[in-house]
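The next block holds one structure in the form of structure tokens; read it before the comments.
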Amino acid sequence: MSGFVAGTWLIDAVIGFTLAEGVALALYHRQTGRGVAVGEFAANLAAGLCLMLALRGAVADAGWPWVVLCLLGAGVAHGTDLWRRWRR
């Protein structure tokens, strides 16, 4: 089933949707002043994107260093998000 491995299209679609969601939230907040400010969701969004990139790398057999790098990025972004929320 080579189409499935090459079919990282589903993961790519989710990554694209997530990026579009982030841009839409940022534009909505910028234009209306309502909604969630970018600084409030950026680290959480980055953590999720890094996890999706790690999954994509694993499915596409990109090699363990790329997967580890993406997982490290997810951990740093998640830690940043927790730290910012904890300070409030």
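The values are calculated or read from the model by the stated rules, or taken from the named source; none is laboratory data. No experiment lies behind these values; they were computed from the predicted model shown. Positions of Cβ are generated from backbone atoms using ideal geometry, with glycine treated the same way; all protein chains shown enter the neighbour counts. In case anyone asks, the SASA skips ligands and DNA or RNA and just uses the protein heavy atoms, side chains included. Shrake-Rupley method; radii C 1.70, N 1.55, O 1.52, S 1.80 Å.
Each other residue within a Cβ distance under 14 Å of A62 adds +1 if Lys or Arg and -1 if Asp or Glu, for a net charge of -1.
Residues R87, R30, R56, sorted by accessible area with the largest first, give R30, R87, R56 [1.4 Å probe; ligands and nucleic acids excluded]. Residues considered: L45, L71, L25. Largest GNM mean-square fluctuation over the chain, using C-alpha springs under 10 Å, is found at L25. Ordered from longest to shortest, the equivalent ellipsoid semi-axes for the chain are 28, 18, 6 Å, each the square root of 5 times a Cα gyration tensor eigenvalue.
Here the chain is treated with +1 on each Lys and Arg Cβ and -1 on each Asp and Glu Cβ, and its dipole about the Cα centre works out to around 460 debye. Of the residues F17, F41, the one with the largest accessible area comes first in the ranking F17, F41, computed with a 1.4 Å probe on protein heavy atoms.
Each label point was placed 7 Å from the Cα along the Cα-to-Cβ direction; for R88 and E21 their separation is 1.8 nm. Here region 10-26 and region 39-70 have alpha carbon centers that stand 14 Å from each other.
Across region 19-88, the mean sequence separation of Cα contacts (distance under 8 Å, 6 or more residues apart), normalised by length, yields a relative contact order of 27 percent.
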